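Okay, structure first, notes after.
The values are calculated or read from the model by the stated rules, or taken from the named source; none is laboratory data. In this text, all values refer to a predicted model and were calculated from it rather than measured experimentally. Here the Cβ positions follow ideal geometry from the backbone for every residue, glycine too, while neighbour counts run over all protein chains shown.
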Amino acid sequence: MMFEISNDRFEKLASDALDSLPAELAVHIENLVIVVDDQAKGRSLFGLYEGIPLTRRGTMTYNAVLPDRITLYQQTICRVCHSEDEVKEQIRRTVIHEVAHHFGISDPRLHELGWA
């Protein structure tokens, strides 16, 4: 059974998760947007980062590009949760994981840190 939550509420929780990042970290986020989709096509993901990590950007090679994108998959997240508090925590954990990719942190390193 999947926990049901409105799209508006899910998006608000995602916004709150991004706002909850420490200010000293948040000020370094550049050209990033978070979007919500139902579920990843053919994959079971809570979220997906697509873009050019900050560690790979250069002044000569990074210009006139679309924002990096974090997609949160609402149905996938809600499928494993039983309450709004659980949804909120899974969104926060997913946002932190995907923002880490924006900063150039790999999945193996996130695993070492307990965020994979």
Kindly establish whether His97 is farther than 13 Å from Ala17 by Cβ, modelled with pLDDT under 95 and touching a Phe, Trp or Tyr at 6+ places or on another chain (Cβ under 9 Å).
no
Conditions (1) modelled with pLDDT of 90 or more; (2) surrounded by 13 or more Cβ atoms within 10 Å (Cβ to Cβ); (3) not polar (S, T, N, Q): number failed by Pro108:
(2)
What tally of residues in region 13-30 results from selecting those that are part of a helix (DSSP H, G or I) and either surrounded by 14 or more Cβ atoms within 10 Å (Cβ to Cβ) or small (Gly, Ala, Ser) (or both)?
7
Over region 41-96, the set of residues aromatic (Phe, Trp, Tyr) and within 17 Å of the chain's Cα centre (by Cα) is Phe46, Tyr49, Tyr73
Residues in region 31-70 that are surrounded by 11 or more Cβ atoms within 10 Å (Cβ to Cβ) and over 30 Å from Glu89 (Cβ atoms) total 3
Output the qualifying pairs, or none if there are none: Cβ atoms under 8 angstrom, residues six or more apart or on different chains, first residue in region 46-69 and outside any loop (DSSP other than H, G, I, E, B), second residue surrounded by fewer than 16 Cβ atoms within 10 Å (Cβ to Cβ) and of a type in the set (Gly, Ala, Ser).
Leu48/Ala40; Leu54/Gly104; Thr55/Gly104; Arg56/Gly104
May I ask you to verify whether Asp38 is in contact (Cβ under 8 Å) with a residue 12 or more places away in the chain, of a type outside the set (Gly, Ala, Ser) and within 15 Å of His28 (Cβ to Cβ)?
no
Can you name every residue in region 102-112 that is part of a helix (DSSP H, G or I) and free of Cβ contacts under 8 Å to residues at least 12 places away in the same chain?
Asp107, Pro108, Arg109, His111, Glu112
Test: Val87 is of a type in the set (A, V, I, L, M), closer than 20 Å to Phe10 by Cβ, modelled with pLDDT of 95 or more and in contact with a Cys (Cβ under 9 Å, 6 or more places away or on another chain):
yes
